[in-house]
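S.K.: Supplied in structure tokens, the structure appears directly below.
The values are calculated or read from the model by the stated rules, or taken from the named source; none is laboratory data. For clarity, every value in this text was computed on a predicted model and none was experimentally measured. Every residue, glycine as well, gets a Cβ built from its backbone with ideal geometry; the counts of neighbours run over all protein chains shown.
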Amino acid sequence: MATDSWALAVDKQESTTDSFGSLVIRSPPRGGGDAAPRKAKSTTKQVENDTKVEGEEKEDKAAQSLLNKMIHTSLVNTTNQVEVLQRDPNSPLYSVKTFEELRLKDELLRGVYDMGFNRPSKIQENALPMMLAEPPQNLIAQSQSGTGKTAAFALAMLSHVDPANKWTQCLCIAPTYELALQTGKVIEQMGKFYPEVKLAYAIRGNKLDRGTKLQEQIVIGTPGTVLDWCSKLKIIDPKKISIFVLDEADVMIATQGHQDQSIRIQRMLPNECQMLLFSATFEDSVWKFAERVVPDPNIIKLKREEETLDTIKQYYVLCNDKDEKFTALCNIYGAITIAQAMIFCHTRRTAGWLSAELTKEGHVVALLSGEMTVEQRAAIIERFREGKEKVLVTTNVCSRGIDVEQVSVVINFDLPMDKDGNADNETYLHRIGRTGRFGKRGLAVNMIDSKHSMNILNQIEEHFNKKINKLDTDDLDEIEKISN
Ligand SMILES: Nc1ncnc2c1ncn2[C@@H]1O[C@H](COP(=O)(O)OP(=O)(O)OP(=O)(O)O)[C@@H](O)[C@H]1O
């Protein structure tokens, strides 16, 4: 019996091994071919300390948000019900199933249909009547990216403006230049048949002279420039604003200084101005900020669809180093047919190395890495979704938020961990979990190459109260078993 703590942990795992149930992988196992399992090329036995490694990806919420916007080219459907908390519980609660019910101007209805929207999304069903109500109502709305928030407030702003008035009436702030541009595009597209309404961008580089009186009815920008235009340069008269939208509140507060600037802008607006705030997530800090920006709000929340590990077969493979991990991966590929797989690495460096090695082996690999621009990343994800590449190697930070529903095999080349080196259970669930709606079966393989990664695996097992079985990748028969 082992005495070393890592070995003990392995013993513990093995002693509780159950027999595997059946697993459906999308394509049938490949017969023959690369049949013999390989041995690792390298003899390096040095265990990589993967807690603090050079090239570690930094989380950039704004870039992630922009990426999500770019890859969500259609609605993310959810079957979850919207939760509505009304400021006045006695007032009737309206929801709409069609855009006609909103009595929009013809120009806007045309714009909506021209964008291919047939009916309001889940969040729009409730949010739109509230935003278009008279007298105006304040709203805090939370739902994941791709559920139709931007389209909803774009429509609300366009409906409210009076094109005859040549001054700014709607103000929308977004955390970055790029996010502001993306939202602006939606407003422009939706207002395509309503050319009397004009839009201006209050973003860096857009220099206007002090005292210029802006004629555009809608202004979208970042907090710093908007604040300058409202106070220092007096380009916008904040007292004439009737709708204020704060988008991406969770990203906003993650950016130094934006929270204060947003609150300063909000304080300049008239009391009767309608305040709308949107966020994809709602941790306490966002909530506190939201309550400061939006007085007496109605609240709409749409929960994310819950992911579960119930339909996933989970395994771990013991290795000594990354070369052995690579060998194990090749053995898995040699034994079963994998339609599409996502492989997660902790660092950019490992991801780059792995994708090069896999390419040498003849795999068609896509690599998603932090040094790429958001546009490049969006294009890679799109190609992978279309099936142009069969393997996507990525770091965690890069791939957060990507839906992996179509992918049946997930390899954690490195296990997900937080800043302190503990198991990142949420990320684990998001990488390999499936929503009940899709319910497809999947396979997840975790590569373990150190005491530390074994520890993380144990924490994950404990957290989900789910056993992760050991897989011997030197035994072809055993690997084949996992696919049937
Ligand atoms: N009612 C609708 N019917 C069909 N498609 C819609 C509808 N509303 C929005 N969409 C489309 O769904 C996608 C996501 O919408 P939208 O950008 O408004 O979501 P979001 O919640 O604001 O997400 P994000 O913050 O990432 O932009 C977009 O491609 C948008 O054009």
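S.K.: Answer with yes or no whether THR183 is in contact with a His (Cβ under 9 Å, 6 or more places away or on another chain) and among the β-branched types (Val, Ile, Thr).
M.R.: no
S.K.: If you don't mind, another one. Suppose we keep only residues that are out of contact with any strand residue (DSSP E or B) (no Cβ under 6 Å at 6 or more places or on another chain) and part of a helix (DSSP H, G or I) within the range 420-435. Which one would you say is surrounded by the fewest Cβ atoms within 10 Å (Cβ to Cβ)?
M.R.: The qualifying residue surrounded by the fewest Cβ atoms within 10 Å (Cβ to Cβ) is GLU426.
S.K.: Condition first: in contact with an Asp or Glu (Cβ under 8 Å, 6 or more places away or on another chain) and not in a helix (DSSP H, G or I). Now tell me which residues in the range 141-163 satisfy that.
M.R.: PRO163
S.K.: In the range 88-102, what residues are hydrophobic (A, V, I, L, M, F, W, C) and away from the ligand (no atom under 16 Å from the Cβ)?
M.R.: Within the range 88-102, just LEU93 meets the criteria.
S.K.: Sticking with this one: What number of residues in the range 391-419 are part of a loop (DSSP other than H, G, I, E, B), of a type outside the set (A, V, I, L, M) and modelled with pLDDT of 90 or more?
M.R.: Matching residues across the range 391-419 total 3.
S.K.: Check the range 86-105 and report whether any residue there is of a type in the set (A, V, I, L, M) and touching a residue at least 60 places away in the same chain (Cβ under 8 Å).
M.R.: Within the range 86-105, not a single residue is of a type in the set (A, V, I, L, M) and touching a residue at least 60 places away in the same chain (Cβ under 8 Å).
S.K.: Would you confirm, using the coordinates I've provided, whether LEU179 is within 26 Å of GLU375 (Cα to Cα), more than 14 Å from the ligand (Cβ to nearest atom) and not acidic (Asp, Glu)?
M.R.: So LEU179 fails the test.
S.K.: Kindly indicate the residue of the range 110-129 that is more than 8 Å from the ligand (Cβ to nearest atom) and under 24 Å from the mean Cα position of the chain (by Cα) and also farthest from GLU272 (Cα to Cα) among those meeting that condition.
M.R.: Across the range 110-129, the extreme among qualifying residues is LYS122.
S.K.: Moving on. Considering each residue of the range 103-122, count those that are modelled with pLDDT of 95 or more and not in a loop (DSSP other than H, G, I, E, B), and give that number.
M.R.: Of the residues in the range 103-122, 9 are modelled with pLDDT of 95 or more and not in a loop (DSSP other than H, G, I, E, B).
S.K.: Here is a further query. Just need a number here: residues in the range 171-212 that are under 27 Å from GLU107 (Cα atoms), in a loop (DSSP other than H, G, I, E, B), touching a residue at least 12 places away in the same chain (Cβ under 8 Å) and out of contact with any helix residue (DSSP H, G or I) (no Cβ under 8 Å at 6 or more places or on another chain).
M.R.: Residues in the range 171-212 being under 27 Å from GLU107 (Cα atoms), in a loop (DSSP other than H, G, I, E, B), touching a residue at least 12 places away in the same chain (Cβ under 8 Å) and out of contact with any helix residue (DSSP H, G or I) (no Cβ under 8 Å at 6 or more places or on another chain): 2 in total.
S.K.: Exactly one condition in (1) under 28 Å from ALA151 (Cβ atoms); (2) under 23 Å from the mean Cα position of the chain (by Cα) is false for GLN215; which is it?
M.R.: (2)
For (1) within 28 Å of GLN81 (Cα to Cα); (2) within 13 Å of the ligand (Cβ to nearest atom); (3) over 27 Å from the mean Cα position of the chain (by Cα); (4) not assigned by the TED database to the domain that holds LEU269, each residue gets a yes or a no:
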position	(1), (2), (3), (4)
MET131	yes, no, no, no
GLU134	yes, no, yes, no
GLN137	yes, no, yes, no
SER143	yes, yes, no, no
GLY146	yes, yes, no, no
ASP162	no, no, yes, no
TYR194	no, no, yes, no
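So that you can scan it fast, the table gives a plain yes or no per residue for (1) at pLDDT below 95; (2) under 27 Å from PHE117 (Cβ atoms); (3) of a type in the set (A, V, I, L, M, F, W, C):
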| site | (1), (2), (3) |
| --- | --- |
| PRO163 | no, yes, no |
| LYS166 | no, no, no |
| GLU196 | no, yes, no |
| ASP247 | no, yes, no |
| ILE263 | no, no, yes |
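S.K.: Scan the range 121-129 and give yes if some residue there is in the same structural domain as ILE220 (by the TED database) and within 23 Å of ILE265 (Cα to Cα), otherwise no.
M.R.: No, the conditions are met nowhere in the range 121-129.
S.K.: Among what's in the range 210-229 and is more than 22 Å from GLN182 (Cα to Cα) and of a type outside the set (Val, Ile, Thr), pick the residue that is surrounded by the most Cβ atoms within 10 Å (Cβ to Cβ).
M.R.: Within the range 210-229, the match that is surrounded by the most Cβ atoms within 10 Å (Cβ to Cβ) is LYS213.
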